[in-house]
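Only one structure is covered here, and it is reproduced in the block below.
The values are calculated or read from the model by the stated rules, or taken from the named source; none is laboratory data. Since the structure is predicted, the reported quantities are computational estimates derived from the model, not experimental observations. Please note: Cβ atoms are built from the backbone with ideal geometry, for glycine as well, and neighbour counts cover all protein chains shown. Keep in mind that these areas ignore ligands, DNA and RNA; they rest on the heavy atoms of the full protein, side chains included. Shrake-Rupley method; radii C 1.70, N 1.55, O 1.52, S 1.80 Å.
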Amino acid sequence: MNTGTALRGALGIAGFLLVAEALGRTGVVDPYAVPLASSVLSGAFGLLLDGEFLAGVGDTLSSAAAGLLLATAAAVPSGLVLGTFPRAERAVRPLVEFLRPIPSVALLPLALFALADQGKIALIVYTSYWSVLINTLYGLRDVDPLAKETLQSFGFGRYAVVRRVSLPSAAPFIATGVRISASVALIVAVSVELVAGGDGIGTFVSDAAAGNRRDLMIAATAWTGVIGLLVNSVLSGAERRAFRWHRTQVGEGAA
């Protein structure tokens with residue numbers, strides 16, 4: 001992100017906060033129902049010193065990271081198998097297309113029937129799995145067939161072709177799938193905490209709502225968005241640095 005884009009974004013946020021503050025001060029928006037922007041900002045900065053909230057952030061991030069790692073560990077090998085054996089992919093495709101669109105919100109009640117942490121991680125794994133799987137399949141379809149045929153002509157078997165050509169070529173697509181799933185993992189972790197309790201940001205938000213602290217509820221929710229933005233930025237930066245060669249190839253192909 002360049003300086004100009006960051007500055008415009010900051011100005012947009014500042015303008016939104018000023019308008020929200022003015023609407024509350026003038027009574028257009030009931031400040032009891034929707035706290036003043038200044039109160040939310042004050043609460044948000046105060047949360048940086050709140051040990052309970054910071055511990056909740058750690059719990060949420062650790063659950064999201066664990067679920068994402070498990071989902072990636074399952075999705076990448078599955079994608080490699082399905083992408084390498086077209087008949088298997090055609091056989092499994094109807095099941096994938098049936099399960100993938102099921103919204104994570106519809107599965108949240110299942111977390112109530114399991115231990116909080118186990119149910120949370122299980123739902124994170126399920127919902128994060130699909131983006132990594134689909135992107136792995138797309139990446140394998142983008143592999144240069146000439147490169148695979150060249151290795152096969154030198155006597156390399158299917159496993160060696162996958163390891164030496166298919167997996168490295170599909171790696172940028174897999175990384176994109178992981179980045180998308182990271183946002184999903186964070187959303188699902190907080191959502192499960194809201195419904196099933198346990199530890200985490202969602203539980204903190206729920207407790208703040210129960211205590212009629214709307215300013216803290218909105219502040220904690222805002223921090224969740226900031227954390228998601230930071231996670232996405234970190235993964236995007238790592239993706240650009242690790243796969244700069246892929247961006248160069250895409251640019252040459254477009255030219």
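For residues that are among the hydrophobic types (A, V, I, L, M, F, W, C) and modelled with pLDDT under 90, scanning just the stretch 209-237, find the one that is surrounded by the most Cβ atoms within 10 Å (Cβ to Cβ). Here the residue is ALA209. Taking every residue in the stretch 203-232 that is without any contact (Cβ under 8 Å) to a residue 24 or more places away in the chain and pairing it with any residue that is open to solvent by 60 Å² or more (accessible area, probe 1.4 Å) and among the hydroxyl-bearing types (Ser, Thr, Tyr), at least 6 positions away or on another chain, the pairs with Cβ-Cβ distances below 9 Å are VAL205/THR221.
For the condition under 30 Å from LEU36 (Cα atoms) and touching a helix residue (DSSP H, G or I) at 6+ places or on another chain (Cβ under 8 Å), ALA209 qualifies.
Conditions tested, residue by residue: (1) over 21 Å from VAL178 (Cα atoms); (2) touching a residue at least 40 places away in the same chain (Cβ under 8 Å); (3) among the polar types (S, T, N, Q); (4) not in a helix (DSSP H, G or I).
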position: ALA74; (1), (2), (3), (4): no, yes, no, no
position: LEU82; (1), (2), (3), (4): no, yes, no, no
position: VAL105; (1), (2), (3), (4): no, yes, no, no
position: LEU110; (1), (2), (3), (4): yes, no, no, no
position: TRP130; (1), (2), (3), (4): no, yes, no, no
position: VAL143; (1), (2), (3), (4): no, no, no, yes
position: LYS148; (1), (2), (3), (4): yes, no, no, no
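Remark: pairs (first residue in the stretch 112-125, open to solvent by less than 20 Å² (accessible area, probe 1.4 Å); second residue at pLDDT below 85 and hydroxyl-bearing (Ser, Thr, Tyr); Cβ separation under 7 Å; 6+ apart in sequence or on different chains) = LEU123/SER104.
Against the definition (open to solvent by 20 Å² or more (accessible area, probe 1.4 Å), part of a helix (DSSP H, G or I) and either in contact with an Asp or Glu (Cβ under 6 Å, 6 or more places away or on another chain) or not acidic (Asp, Glu) (or both)), how does THR136 come out, yes or no? No, not satisfied. Looking only at residues in the stretch 20-54 that are among the hydrophobic types (A, V, I, L, M, F, W, C) and touching an Asp or Glu at 6+ places or on another chain (Cβ under 8 Å), which one is surrounded by the most Cβ atoms within 10 Å (Cβ to Cβ)? Per the criteria, the residue is VAL40.
Scanning the stretch 139-162 for residues that are of a type outside the set (D, E, K, R), open to solvent by 100 Å² or more (accessible area, probe 1.4 Å) and within 36 Å of the chain's Cα centre (by Cα) yields LEU146, TYR159. Is it true that ALA182 is part of a helix (DSSP H, G or I), within 19 Å of ALA73 (Cβ to Cβ) and open to solvent by 20 Å² or more (accessible area, probe 1.4 Å)? No, not satisfied. Beta carbons closer than 9 Å, at least 6 apart along the sequence or on distinct chains, pair a first residue in the stretch 175-198 that is under 17 Å from ILE102 (Cβ atoms) with a second that is among the aromatic types (Phe, Trp, Tyr) and open to solvent by 40 Å² or more (accessible area, probe 1.4 Å) for SER181/TYR129; VAL188/TYR126. The set of residues from the stretch 191-204 being open to solvent by less than 20 Å² (accessible area, probe 1.4 Å), in a helix (DSSP H, G or I) and touching a Ser or Thr at 6+ places or on another chain (Cβ under 7 Å) comprises GLU193, ILE201, GLY202. What are the residues in the stretch 1-30 that are more than 30 Å from SER236 (Cα to Cα), in a helix (DSSP H, G or I) and hydrophobic (A, V, I, L, M, F, W, C), if any? Passing the criteria: LEU18, VAL19, ALA20, ALA22, LEU23. The residues listed here are LEU54, LEU7; of these, the one that is of a type in the set (A, V, I, L, M) and modelled with pLDDT under 90 is LEU7. Evaluation of PRO168 against the conditions (1) open to solvent by 20 Å² or more (accessible area, probe 1.4 Å); (2) part of a helix (DSSP H, G or I); (3) modelled with pLDDT under 80 shows that the sole unmet condition is (3).
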